[in-house]
Amino acid sequence: METYQIIILALVQGLTEFLPVSSSAHLILVAELMGWGNEGLVLDVATHLGTLVAVVFYFRHDLRVLIQAWLRPSSSSATDRRLGALLLIGSIPGLYIGWMEAEWVQENLRGIEIIAWATIGFGLLLWVADRWGGTRHELAEITKTQALLVGMAQVLALIPGTSRSGITITAGRFLGMTRQTAARFSFLLAIPILAAAGSYGALQIWRGESLISATDFLLAATVSASAGFACIWAFLRLLEKVGFLPFIIYRLVLGLVLLYIL
């Protein structure tokens, strides 16, 4: 794969991983429309690790508090310990189903028609959730049941076009979380999933199932990390001003264009 292809795909992954527009769908579409074929395991691992670095670095202070709460519970607040437990609960469904069904999804759900309908359908669902969802709960008020329900919704992100951040934010808004709370919980919930995806791919590479260029790997990871960090920073600052409507409109237009092309 050429250097410019790596940069473009890494940018796509970094810019779309944390927006409610589906990074997997955009990676598939860019590769298909440009005639590049499958982006390959190595690039997939590199870009996922890059976005993992981005979210960990952005929330480094929050994560340090959570880790300290687990290591030294007697000197930490109950709220911090509870948030760590909620992230663990919310991660279980996605990690389990992703491990069991990842190969089936890869083989059966990468079609452009599926991406188009998922882009439209889950975009409309986000609009409904944001329009009629309540704003009762801040991050410290999320319950174990809510965390589990958001985690169960995250499973749907295995379908390209759904968007992991989009479906978890949608679930959060339906459950009464504010926009900021839903977005921040979604981003924190991405950490275990991205770590698992990157580790699984790295294991396959270590087993010799894919060749790797260290330079290309580092380039892809760096570009996706930089783009991902910038995306999180901008999204959380603009969220209260622009809301989700621009992303919903984008999803609807993209889905309709894809159906028209088909």
Checklist entry - Before we move on, is A129 crowded, with 18+ Cβ neighbours inside 10 Å, more than 20 Å from G176 (Cα to Cα) and either touching a residue at least 24 places away in the same chain (Cβ under 8 Å) or of a type in the set (D, E) (or both)? => result no
Checklist entry - Since L95 meets every condition but one in (1) farther than 19 Å from R184 by Cα; (2) in contact with a Ser or Thr (Cβ under 8 Å, 6 or more places away or on another chain); (3) at pLDDT 85 or above, which condition does it not meet? => result (2)
Checklist entry - What residue, among those in region 65-85 that are without any contact (Cβ under 8 Å) to a residue 40 or more places away in the chain and among the hydrophobic types (A, V, I, L, M, F, W, C), is farthest from G172 (Cα to Cα)? => result L71
Checklist entry - So which residues in region 244-261 are hydroxyl-bearing (S, T, Y) and under 19 Å from A234 (Cα atoms), if there are any at all? => result Y250
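Conditions (1) exposed (fewer than 15 other Cβ atoms within 10 Å of the Cβ); (2) of a type in the set (V, I, T); (3) in contact with a strand residue (DSSP E or B) (Cβ under 8 Å, 6 or more places away or on another chain); (4) within 22 Å of A202 (Cβ to Cβ), marked per residue:
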| position | (1), (2), (3), (4) |
| --- | --- |
| L15 | no, no, no, no |
| S22 | no, no, no, no |
| L29 | no, no, no, no |
| A46 | no, no, no, yes |
| T51 | no, yes, no, yes |
| V56 | no, yes, no, yes |
Checklist entry - Does E209 count as of a type in the set (D, E), at pLDDT below 90, under 29 Å from L149 (Cα atoms) and out of contact with any Phe, Trp or Tyr (no Cβ under 7 Å at 6 or more places or on another chain)? => result no
Item to check | Condition check for S163: surrounded by 18 or more Cβ atoms within 10 Å (Cβ to Cβ), under 18 Å from G243 (Cβ atoms), hydroxyl-bearing (S, T, Y) and under 18 Å from the mean Cα position of the chain (by Cα) | outcome: yes
Checklist entry - Which condition does R237 not pass, out of (1) in contact with a helix residue (DSSP H, G or I) (Cβ under 6 Å, 6 or more places away or on another chain); (2) at pLDDT 85 or above; (3) charged (D, E, K, R), if it passes all the others? => result (1)
Checklist entry - Can S91 be described as among the hydroxyl-bearing types (S, T, Y) and touching a helix residue (DSSP H, G or I) at 6+ places or on another chain (Cβ under 8 Å)? => result yes
Checklist entry - When you go through (1) buried (at least 18 other Cβ atoms within 10 Å of the Cβ); (2) under 25 Å from T170 (Cβ atoms); (3) at pLDDT 85 or above one by one for L88, which number turns out not to apply? => result (1)
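The values are calculated or read from the model by the stated rules, or taken from the named source; none is laboratory data. What you see is a predicted model, and the numbers here were worked out from it, not measured in a lab. Ideal geometry is used to build each Cβ from the backbone, glycine not excepted, and the neighbour counts take in all protein chains shown.
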